[in-house]
Amino acid sequence: MKSSKTMVAWLLLYRLLMGQRPKFTRPLRIQATFLHVKAVQAARNSVITLLGLCVLVLFLFTGFMVFHVGLFLYLPGTLAERGFTFICLGGGYVLVWWMRMTGADKAVLRALEK
């Protein structure tokens with residue numbers, strides 16, 4: 001008989017707690033929603049920043065190309081001479097890039113300081 005009373009008490013307690021569950025979990029749901037909104041905001045800001053950097057790189061590349069096209073159109077000389085000038089420019093760009101990538105530019109600066 002005692003076990004049935006205990007069982008009924010546990011069942012009533014369970015039903016009472018299940019009825020109050022939304023009240024207990026509401027602060028957790030509010031906090032979870034708040035954190036979700038913050039995460040979405042951070043992701044949105046990251047995407048906007050990345051798109052801004054892509055637009056910046058696109059503008060820089062476009063300006064670089066327009067400069068060289070204008071230089072090619074306004075340089076005096078024959079087509080072969082202008083082509084040779086641009087081959088030398090391209091070789092210079094590759095050389096500068098290679099020196100920066102390998103760290104040779106710093107070695108040259110240290111050698112020139114002494």
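Aspartates and glutamates near Lys38 by alpha-carbon distance under 19 Å, same-chain residues fewer than 8 away left out - which ones? Straight-line reach from Lys38, under 19 Å: no aspartates and glutamates qualify.
The stretch between Leu112 and Leu95 holds 4.3 nm of extra length on full extension. This uses 0.36 nm per residue minus the Cα-Cα distance. What do you get for the angle between helix 2-74 and the principal long axis of the chain? Use alpha-carbon atoms, 0 to 90 degrees, nearest ten. Rounded to the nearest ten degrees, it is 10. Phi angles across segment 85-94 convert, under the Karplus curve 6.51 cos²θ - 1.76 cosθ + 1.60 with θ = phi - 60°, into 3J(HN,Hα) values of 4, 6, 5, 5, 4, x, x, x, 4, 5 Hz, Gly and Pro given as x. Computed log10 I(q)/I(0) for segment 1-60 at 0.13, 0.14, 0.26, 0.30 Å⁻¹: -0.62, -0.65, -0.97, -1.05, from the Debye equation with unit scatterers placed on every C-alpha and solvent omitted.
Could you give the length gained on full extension between Cys88 and Val66, defined as 0.36 nm per residue of separation minus the Cα-Cα distance, in nm? Spell out each step's value before the answer.
On the way: separation 22, 0.36 × 22 = 7.92 nm, distance 1.80 nm.
Length gained, Cys88 through Val66: 6.1 nm.
Could you list His68, His36 so that the one with the fewest beta carbons within 10 Å of its beta carbon is first and the one with the most is last?
So the residues, fewest neighbours to most, are His36, His68.
Summed over qualifying helices (DSSP H, 4 residues or more, each -39500 (n - 2.57)) and divided by its residue number, the chain shows a 222 nm mean residue ellipticity of -34500 deg cm²/dmol. Shape annotation for the chain: C-alpha extents along the principal axes are 111, 41, 21 Å, from largest to smallest.
Computed log10 I(q)/I(0) for segment 75-114 at 0.15 Å⁻¹: -0.51, from the Debye equation with unit scatterers placed on every C-alpha and solvent omitted.
In the elastic network of the chain, a GNM with C-alpha springs shorter than 10 Å, the most mobile of Thr49, Thr33, Thr102 is Thr102.
No lab work stands behind these numbers, since they all come straight from the coordinates. As the structure is a computational prediction, the values presented were derived from the model and not from experiment. Backbone-built Cβ (ideal geometry, glycine too); neighbour counts: all protein chains shown.
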